[in-house]
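Participant: Please find one structure pasted underneath; my questions will follow.
The values are calculated or read from the model by the stated rules, or taken from the named source; none is laboratory data. Since the model is a prediction, treat every value here as computed from it, not as a measurement. A quick note on method: Cβ atoms are made from the backbone with ideal geometry, for glycine too, and the neighbour counts reach across all protein chains shown.
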Amino acid sequence: MCSGFETNAVHAGYAAGEHAHAGVPPIYMSAAFDMESAARGDALSAGAEDGFSYSRVANPTVDVLERRLAALEGGRSAVAVASGMAAVSFALLCAAEGGGGIIAPKTLYGASVDAMASFFPQFGVHTDFVECINDLAEVESLIGPDTRAVFAESVANPSTEVTDVAGLAELAHRHGVPLIIDNTVPTPYLFRPIRWGADVVVHSTTKGISGHGNTLGGVVVDAGRFDWASPRFPQFTRTETVVSDDRSGVWHSFASRFGADAYIRRLRIKYVRTFGAVESPFNAYLQLLGLETLPVRIRQQTRSAAAVARHLRTVPHVRDVRYSGLALADPDGVDAHQAQLVRRLFPDGVGGVLSFELDGDRAHIERVLDAVRVFTYIPNIGDSRSLIVDPARITHREVPADFRAAAGVTDNLIRLSIGLEDVDDLIADLDQAIQRAYGEP
Ligand SMILES: *Cc1c(COP(=O)(O)O)cnc(C)c1O
């Protein structure tokens with residue numbers, strides 16, 4: 001198999017000989033598949049033979065994407081779903097279903113905060129939120145008998161604060177708890193959580209992985225190392241008809257049937273098959289296309305983001321430029337612990353998202369948003385276009401005030417997602433917009 005990241009981004013998970021020798025992975029727009037014979041139908045349905053029978057469970061185009069993303073993250077297997085929120089929800093519920101608890105920082109993505117704080121409790125899954133996920137003593141003090149996962153984002157959005165994935169993994173494992181990491185912001189090109197001990201990685205593939213703002217998707221990648229058969233996770237050791245053969249009196253649990261694949265199989269067979277948030281073959285195709293250029297795109301976006309951040313530090317009316325990636329080139333003003341984590345875990349940078357505050361009031365923010373010409377006012381990240389947004393009113397609107405404060409989302413904050421345009425044009429665009437906002441010619 002392949003080994004280098006760039007090689008895997010183009011080739012992993014695809015064997016042309018299995019697909020009429022097509023050079024590019026084909027789009028299998030087929031709801032269901034011919035099972036060919038009674039014997040094969042029986043084997044497919046029993047899970048004794050891997051293959052395709054119905055696209056709500058698995059599809060050949062989506063399968064290539066799953067294999068490629070598992071390879072890029074250094075995982076054992078993956079399940080692709082219809083959006084990042086489906087990936088976050090399924091990954092957390094699969095671990096914590098049936099009365100479990102999750103420990104997570106207040107700085108999570110807005111919809112994740114809303115789900116965990118006010119929606120998952122309706123299903124009996126609660127979350128203890130910490131102010132700072134890198135305060136390992138605070139995290140440890142919250143681990144109890146019903147804790148089923150520690151969940152964090154590798155790089156927080158919009159602050160770009162990085163998470164001590166290595167420290168958290170060691171701590172969680174000492175207590176028999178898995179670490180689940182949302183790795184959307186840096187993408188696997190800049191950071192691979194499994195290498196640092198994470199057990200499960202989720203992405204919104206809508207963002208940098210697709211890279212062109214033209215599709216929604218999500219993925220759950222399983223390292224295949226965590227022991228889900230422990231008594232902390234009764235859902236994996238309970239026998240279930242769906243993985244058994246009750247006619248022959250052979251009973252199985254997900255753990256006894258699938259071993260190291262118990263978690264990812266349960267996620268596919270219970271969550272995707274039941275809630276039905278499947279990735280479409282066409283969207284999987286777009287994500288495979290995006291992945292081919294992931295390394296070159298992320299390299300350029302990260303370089304440009306650092307240049308924009310350095311420039312913004314010199315611009316009048318701009319205060320507090322937040323870009324932890326500055327720790328690599330220009331560490332003055334980056335918190336010392338953050339700088340140390342960035343140098344150790346993110347030697348190639350933290351990606352294309354950054355944020356800054358303007359002095360003044362709401363009117364100044366609105367004027368900047370209305371005056372930009374190259375940046376587009378779009379609530380997304382990881383696009384080939386450069387995007388600008390005011391998080392307090394848009395992306396973090398549903399987030400309670402104390403969570404916004406913990407995430408540093410003040411009313412005067414502007415977030416940028418740096419695209420692939422000429423960086424000089426991006427800097428000139430911000431300069432003219434800020435000058436116009438303050439009535440300076
Ligand atoms: C966008 C995003 C999500 C949600 O992804 P969707 O594809 O919009 O559902 C989850 N986590 C992070 C960090 C994100 O940026």
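Participant: Quick check on the stretch 239-253. Is at least one of its residues within 30 Å of Leu190 (Cα to Cα), at pLDDT 95 or above and not small (Gly, Ala, Ser)?
Facilitator: The answer is no, given that none of the residues of the stretch 239-253 is within 30 Å of Leu190 (Cα to Cα), at pLDDT 95 or above and not small (Gly, Ala, Ser).
Participant: Hey, can you tell me all the residues within the stretch 380-417 that are within 15 Å of the ligand (Cβ to nearest atom), part of a loop (DSSP other than H, G, I, E, B) and not small (Gly, Ala, Ser)?
Facilitator: Correct list: Asn380, Ile381, Asp383, Pro391, Ile394, Thr395, His396, Arg397, Glu398, Val399, Val409.
Participant: Please work out which one of (1) buried (at least 24 other Cβ atoms within 10 Å of the Cβ); (2) more than 10 Å from the ligand (Cβ to nearest atom); (3) not in a loop (DSSP other than H, G, I, E, B) is the condition His173 fails and give its number.
Facilitator: (1)
Participant: OK, next. Against the definition (among the small types (Gly, Ala, Ser), touching a strand residue (DSSP E or B) at 6+ places or on another chain (Cβ under 7 Å) and buried (at least 24 other Cβ atoms within 10 Å of the Cβ)), how does Ala277 come out, yes or no?
Facilitator: It is false that Ala277 is among the small types (Gly, Ala, Ser), touching a strand residue (DSSP E or B) at 6+ places or on another chain (Cβ under 7 Å) and buried (at least 24 other Cβ atoms within 10 Å of the Cβ).
Participant: For Thr107, only one of the following conditions fails: (1) more than 16 Å from the ligand (Cβ to nearest atom); (2) buried (at least 24 other Cβ atoms within 10 Å of the Cβ). What is its number?
Facilitator: All conditions are met except number (1).
Participant: Sort out which residues of the stretch 348-379 are farther than 24 Å from Ile209 by Cβ, assigned to a loop (DSSP other than H, G, I, E, B) and β-branched (Val, Ile, Thr), and write them in order of number.
Facilitator: Val372
Participant: Sticking with this structure for a sec: Looking only at the stretch 44-65, which residues are out of contact with any Asp or Glu (no Cβ under 9 Å at 6 or more places or on another chain), assigned to a helix (DSSP H, G or I), modelled with pLDDT of 95 or more and not β-branched (Val, Ile, Thr)?
Facilitator: Passing the criteria: only Asp63.
Participant: Kindly list, by first and then second residue, each pair from a residue in the stretch 104-118 that is closer than 13 Å to Ser89 by Cβ to a residue that is assigned to a helix (DSSP H, G or I) and at pLDDT below 95, limited to pairs with Cβ atoms under 6 Å and residues at least 6 apart or on different chains.
Facilitator: Filtered contacts from the stretch 104-118: Val113/Phe403.
Participant: Taking the stretch 293-338 as the region of interest, how many residues are in a loop (DSSP other than H, G, I, E, B), over 27 Å from the mean Cα position of the chain (by Cα) and surrounded by 15 or more Cβ atoms within 10 Å (Cβ to Cβ)?
Facilitator: 3
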